[in-house]
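Each remark here refers to the structure printed beneath this line.
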Amino acid sequence: MPYARVLFTCVVASLALGVVSLRAQEQIPLKVTSPNGQIALLLWEASPTAPAPAGNQTIPLSSGLRYAVEFHGKRLIEESELGLELAPPPEKKKKNAPAETAAELMLGIGMHRVDTRNDTVNETYTIPVGKTSTVVNHCNVVRADFKDAQGRELWIEARVFDDGAAFRYVIPDQVALKQVKIAHELTQFNYAKDATTYPLILDGFQTPYEDEYVQRQVSGLHPDWLIGLPFLADEPGIGWVAITEANIDNYAGMYVRKSKERFGVRAELSPRIDEQGVAVDATAPVTSPWRVLMIGDEPGRLIESNIVLNLNPPSRISDASWIKAGKSAWDWWSGDAAPGADFKPGMNTATMKHYIDFASASGFPYMLIDAGWAGAPAQGKIGENDSMADITKVNSDVDMTGLLSYANEKHVKLWLWAHWSSVDKYMDQAFPLYEKWGIAGVKIDFMNRDDQQMVAFYHRVVEAAAAHHLMIDFHGAYKPDGLRRTWPNLITREGVMGKEYLKWSARTSPLHDATLPFTRMLAGPMDYTPGAFGNSTRENFVPRMVEPMGLGTRAHELALYVIFESPFEMVSDYPEHYQGQPEFDFIKRVPATWDEVKVVSGKPMETITLARRSGKDWYVGSINNWTERDVSISFSFLGDGDYTAEMYSDAQDAATEPTHTSFSKLGVTKDSVLEVHLAPGGGNAIWIHPGP
């Protein structure tokens, strides 16, 4: 088989860029440590005594580049293969092609290091919206250059942080290799133990990442499972580690599958839809995304990490003052509900005004108009799920000019939903038009792919949207990769099985909610669309398209606004369902962007307590799965002085009456510890502000 290998490793911090002399002994690994010395990445080059592979012969690990990772001096990732498998030219795909020609395509096999450059990154930057307003980016950096006997060059870049390590492959511009077609990566992740993992098992590469997570030992993963990222694992006595990727650009998205190694998984790239056997087709230089290992003693430390952001280029938007977080009313989730309304509900002007009124009265800055508003194309008709609708036109039931004027009077800005096929076709005309209208942003849906072409679409969209002061929310999306650092107008995306599934199933349950912060949310914000006030027990739950129910208690639903990160946060239920409900005050008050985040406690699939700071105020959310439990909340994250905590808890009868909550006020300090009882599917939501 054809192979190519590129490796990246971080070296001990050095303030000046320099050249490191090569080791005399080739099998002594290059060791790179984090700034605090607790994480180390080791890199080996090919052994000079390893046998050269021929034909389809199995390649010894020592023949190529490989790495390992240590945490607190213990091996977290054992020696694992690194490299790329190139697609052969068409003439070498013939059945009768000589077997030995496969070796000619191997990059990384037999390669040796010819140069090493090391550096350190130590910077602090701000972002307009996110889980922290200020981000610290501190890591040790290396670029190791490799060359093979044919003179072909490969570089390895790596960065090691206090909260993880990352590496990527670079094929530089060179005479020996111009056009690069990558079939697969050889990247492995071999755990030191039979780790407990939490895979998201997907049905093929064309997917919106919408499914439940399961728990499985790595040795029990099936080789035919395609597993989405982030991929969380617990190695008892060593640490927690999550595999994901950052800065996907002109490349394909990555998944993992079980490898031949007993405790290992391997990378799998999303194939192009136009070239069989090819995932990436590009002209050198070619740079892969960062292969990221988020690492911590506890799973909550991974939630606090900004490593995915830090591995992306700086913002390309010089003035981001127009990018603003906020909650939004939304016309789609509750269906054609209209209790007490004097109009026929649907995609029409009266219904949209009703939601604008609700947003305005609640102090929400946004109202999202979902599918159905756009006009038919000049020729043909609108396809399934509003594909190919003309998003420069408005259907006759919606007075867009009137709605824009009405929303402006109410101090509400509108977002518009669009199918990605329509955006792809009409983007150059639609985005300038939306800027003229005063539209705040566009929710783009149904991409359901992360191949190289679709990744390019994402980049085109966010750049074009930024030029017209439009924010973006990708639905039907692949997981975040930190692109929002470079284009902060990309403020959230879906890529998760969210609350909409309660309209036709019971799948987005409290168990699912208690898993997401430790899995999908590690990659970045997720538009889960909380806000259900028709709270139900498992026994009484019935999925329905109009006025859907929510699984779990009302206090659980409130806590989601703290625990789940999304700068564009839906308030999904029908407006009248919030009338006269005292718990709605918490939703109106809780921010959608934050200055600081602290995970107090938690474990995937069981429970989590998370605290977020906005200015001088803190908000704390606790949720659990279907198992009733007590949790202890330490307020050690608070500063000095006295604080008042206003708390919504599960009422004593919440196990059978899940809409019931208990409200209380109490004084707390940083030394306080609060015992909280959570009902099955329960929760707790607290607003903490300075003063007695």
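Values quoted throughout were computed directly from the atomic coordinates according to the rules given, and no laboratory measurement underlies them. Please read these numbers as outputs of a predicted model, since none were measured by experiment. Quick reminder, even Gly has a Cβ in these numbers, built from the backbone with ideal geometry, and neighbours come from all protein chains shown.
If you go through the range 471-509 and keep only what is farther than 30 Å from residue 552 by Cα, touching a helix residue (DSSP H, G or I) at 6+ places or on another chain (Cβ under 6 Å) and assigned to a loop (DSSP other than H, G, I, E, B), you end up with 482, 487, 489.
Scan 446, 343, 431, 358 and give me the residue that is in contact with a Pro (Cβ under 7 Å, 6 or more places away or on another chain) and of a type in the set (Phe, Trp, Tyr).
Values: 446 fails: in contact with a Pro (Cβ under 7 Å, 6 or more places away or on another chain); 343 fails: in contact with a Pro (Cβ under 7 Å, 6 or more places away or on another chain); 431 fails: in contact with a Pro (Cβ under 7 Å, 6 or more places away or on another chain).
None of the other options fit; the residue is 358.
Of 659, 644, 609, 627, which residue is within 16 Å of residue 558 (Cβ to Cβ) and surrounded by fewer than 22 Cβ atoms within 10 Å (Cβ to Cβ)? Outline the logic, then answer.
Numbers: 644 fails: within 16 Å of residue 558 (Cβ to Cβ); 609 fails: surrounded by fewer than 22 Cβ atoms within 10 Å (Cβ to Cβ); 627 fails: within 16 Å of residue 558 (Cβ to Cβ).
Residue meeting the stated conditions: 659.
Being within 25 Å of residue 155 (Cα to Cα) and either among the small types (Gly, Ala, Ser) or part of a loop (DSSP other than H, G, I, E, B) (or both): is that true of residue 255 here?
Details: within 25 Å of residue 155 (Cα to Cα): yes; either among the small types (Gly, Ala, Ser) or part of a loop (DSSP other than H, G, I, E, B) (or both): no.
So residue 255 fails the test.
For the range 653-677, a tally of residues being more than 16 Å from residue 581 (Cβ to Cβ) and touching a His at 6+ places or on another chain (Cβ under 8 Å) returns 1. Of all residues in the range 358-383, count the ones that are in contact with a strand residue (DSSP E or B) (Cβ under 9 Å, 6 or more places away or on another chain) and either among the hydroxyl-bearing types (Ser, Thr, Tyr) or under 21 Å from residue 529 (Cα atoms) (or both). The number of residues fulfilling the criteria is 15.
Among the residues of the range 503-549 satisfying the criterion of being more than 30 Å from residue 240 (Cβ to Cβ) and among the aliphatic types (A, V, I, L, M), which is surrounded by the fewest Cβ atoms within 10 Å (Cβ to Cβ)? Among them, the one singled out is 542.
Of the residues 572, 566, which single one is in contact with a helix residue (DSSP H, G or I) (Cβ under 9 Å, 6 or more places away or on another chain) and of a type outside the set (A, V, I, L, M, F, W, C)? Write out each step before concluding.
On the way: 566 fails: in contact with a helix residue (DSSP H, G or I) (Cβ under 9 Å, 6 or more places away or on another chain).
Selected residue: 572, the only one of 572, 566 that is in contact with a helix residue (DSSP H, G or I) (Cβ under 9 Å, 6 or more places away or on another chain) and of a type outside the set (A, V, I, L, M, F, W, C).
Scanning the range 128-147 for residues that are acidic (Asp, Glu) and out of contact with any Lys or Arg (no Cβ under 8 Å at 6 or more places or on another chain) yields a total of 0.
Does any residue of the range 199-222 turn out to be within 27 Å of residue 36 (Cβ to Cβ) and in contact (Cβ under 8 Å) with a residue 12 or more places away in the chain? Break it down into steps so the answer makes sense when it comes.
Just the residues of the range 199-222 that are within 27 Å of residue 36 (Cβ to Cβ), to begin with: none.
No, the range 199-222 contains no residue that is within 27 Å of residue 36 (Cβ to Cβ) and in contact (Cβ under 8 Å) with a residue 12 or more places away in the chain.
For the range 664-688, filtering for residues that are out of contact with any Gly (no Cβ under 6 Å at 6 or more places or on another chain), surrounded by 14 or more Cβ atoms within 10 Å (Cβ to Cβ) and in a strand (DSSP E or B) leaves 10.
With 301, 272 as the choices, which residue is outside any helix (DSSP H, G or I) and either under 22 Å from residue 493 (Cβ atoms) or charged (D, E, K, R) (or both)?
272
The set of residues in the range 519-548 that are of a type outside the set (Gly, Ala, Ser), assigned to a loop (DSSP other than H, G, I, E, B) and in contact with a Gly (Cβ under 6 Å, 6 or more places away or on another chain) comprises 528, 529, 545, 546.
The residues of the range 286-340 include none that are of a type in the set (Asp, Glu), in contact with a Leu (Cβ under 9 Å, 6 or more places away or on another chain) and touching a residue at least 60 places away in the same chain (Cβ under 8 Å).
Taking each residue of the range 575-590 that is among the acidic types (Asp, Glu) and looking for partners that are assigned to a loop (DSSP other than H, G, I, E, B) and surrounded by fewer than 19 Cβ atoms within 10 Å (Cβ to Cβ) with beta-carbon atoms closer than 6 Å, six or more apart or interchain, yields 576/339. Filtering the range 313-364 to residues that are outside any loop (DSSP other than H, G, I, E, B), aromatic (Phe, Trp, Tyr) and within 18 Å of residue 441 (Cβ to Cβ) leaves 330, 355. Checked against the criterion of being without any contact (Cβ under 8 Å) to a residue 60 or more places away in the chain, surrounded by 20 or more Cβ atoms within 10 Å (Cβ to Cβ) and within 19 Å of residue 512 (Cα to Cα), the candidates 564, 635 yield just one match: 564.
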